[in-house]
1. Out of residues 5 or more away from residue 34 or on other chains, whose amide H comes under 5 Å of its own, with H placed 1.01 Å from N in the peptide plane?
2. From the P(r) of region 65-184, could you give the percentage of C-alpha pairs in the tail past 18 Å?
3. Filter the DSSP H helices in the chain by two things, a Kyte-Doolittle mean of at least -0.5 and an axial alpha-carbon span of 18 angstrom or more, and list the hits by number.
4. For the chain, with the dipole built from +1 on Lys and Arg beta-carbon atoms and -1 on Asp and Glu ones, taken about the Cα centre, which of 43, 56, 106 lies farthest toward the positive end?
5. Using the Cα centre as the reference, give the magnitude of the dipole from point charges on the C-beta atoms of region 159-225 (Lys, Arg: +1; Asp, Glu: -1; all else neutral), rounded to the nearest 20 debye.
6. Taking the alpha-carbon centroid of each part, what is the distance from region 108-159 to region 174-225 in angstrom?
7. Which order do the peptides 64-73, 45-54 take when ranked by the mean count of other beta-carbon atoms within 10 Å per residue, highest first?
8. For the chain: lysine pairs with Cα atoms under 19 Å, gap of 8 or more or different chains, count?
Amino acid sequence: MSDHVPVITIDGPSGTGKGTVGLLLAHKLGWHILDSGAFYRAFAHIAHQRHILPEQIDQLRRVGDQLDVRFKVRADEIRIWAEGRDITAAIRSEEGGRSASIYAAIPEVRQALLARQRDTRRAPGLVADGRDLGSVVFPDAVLKIFLTATPKIRAERRYKQLKDKGFDVNLSRLENEIAARDYQDTHRTISPLMPASDAVEIDTSEITREQVLDEIVSLLRARRY
Ligand code: DC
């Protein structure tokens, strides 16, 4: 039944605008939103809190089975709750991204989070952003977008985003951290970051998020949604 609910996937590396554009698009369409990176960040946060190392596969599986993550979507942000606490600030840091990327390379972790992500598919539709949403999680999506941008622009955007959220950040360190995370996400053996074969690539370096949104909406209209 849920297979008939339309999904739009927006994949790409950090700082390409996936999250912002995904949220704008979901609001415009009145559809649900899945921030899959937040699932991986929440998972890593809990595993880390419980001192579970990446090689402790049985314990990681248990975390995946018991994971109680909720998303509260507001006008311009998604707040993430886990085990009754708002963990948004704790997981949104660059450190949170680095830790998520490490656990996300473990096949058992990806497997545990796969069904959770698919369960978010609800009528009237879902906008889902991440790294492998079009290639693995929702291969039957009605529209698959892959966003790119130059490394410099991505670092500047992340810098501004983190600064606005009150994090203490350094631009050149951030550039290095983003490059390291990209490398890790692109070179892992399971579900590496790459465009699905039928994804439409949009380079967001020189255009505004509203222009990206317009382009996605016109692609969607061409598919009669
Ligand atoms: O989108 P993000 O920056 O919040 O994601 C944090 C990390 O989680 C990212 O570096 C890799 C991992 N991730 C993933 O492996 N697959 C996804 N679909 C989403 C995120």
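What follows draws every value from the coordinates through simple rules; no lab data is involved. Quick caveat: nothing in here was measured; it's all calculated off a predicted structure. Neighbour counts are summed over all protein chains in view; Cβ atoms, including those assigned to glycine, are modelled from backbone coordinates with ideal geometry.
1. The answer is 127, 128, 129.
2. Details: 4467 of 7140 pairs.
Pairs farther apart than 18 Å: 63 percent.
3. 36-49, 209-222
4. Of 43, 56, 106, it is 43.
5. Taking the Cα centre of region 159-225 as origin, the dipole is about 260 debye.
6. 9
7. Working: 64-73: 14.0, 45-54: 15.9.
Order by mean packing, descending: 45-54, 64-73.
8. 12
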